[in-house]
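The structure appears right after this line, and notes come after that.
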Amino acid sequence: MLGVTEILSQLTGIPTPWFELNPRFALYAGYVAEWFANHVTHKTPIVDVEAGLHAISNKPSYSGKAEKELGYRPSLARVALAKAAQGFLDAGMVRPAARARVEAHGALRAFLEQHDHT
């Protein structure tokens, strides 16, 4: 089974990271980044404590109750990731060089065209 970064790499053509950070590092980085943002830059931190807490407590979820009681129908993870990636591109949140790489790769656009009904 592929992870999130492998799926995004296939869709965008951007290589997966060559190392993985320990989730506790994200928590500590969140504390440092929030302090720095609050006391120095006064801008939104690149990572926050909440993201670190989510990284540490990352657990699988089960949507059975929402499906049964609310009629929720989850989409495939690959479709959701593709839509999210396109959303970042559409919102101008991707550096020009990375945007050009994704567009040249073409897999994201092709995938979304095939799955535009989901």
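Of note:
- Test result for ALA110, under 16 Å from GLN10 (Cα atoms) and at pLDDT 90 or above: yes
- Subset of region 94-105 (residues that are in contact (Cβ under 8 Å) with a residue 24 or more places away in the chain and among the small types (Gly, Ala, Ser)): ALA98, ALA104
- Scanning region 96-105 turns up at least one residue that is of a type in the set (Val, Ile, Thr), modelled with pLDDT of 95 or more, within 20 Å of LEU8 (Cβ to Cβ) and in contact with a helix residue (DSSP H, G or I) (Cβ under 6 Å, 6 or more places away or on another chain).
- Hits in region 15-57 (condition: under 30 Å from ALA104 (Cβ atoms) and buried (at least 17 other Cβ atoms within 10 Å of the Cβ)): VAL47
- Residue check, VAL94 out of contact with any Cys (no Cβ under 8 Å at 6 or more places or on another chain), under 20 Å from HIS115 (Cβ atoms) and surrounded by 12 or more Cβ atoms within 10 Å (Cβ to Cβ): no
The values are calculated or read from the model by the stated rules, or taken from the named source; none is laboratory data. Owing to the predicted nature of the structure, the values given are computational and were not obtained by experimental measurement. Here the Cβ is made from the backbone with ideal geometry for all residues, glycine too, and neighbour counts use every protein chain on show.
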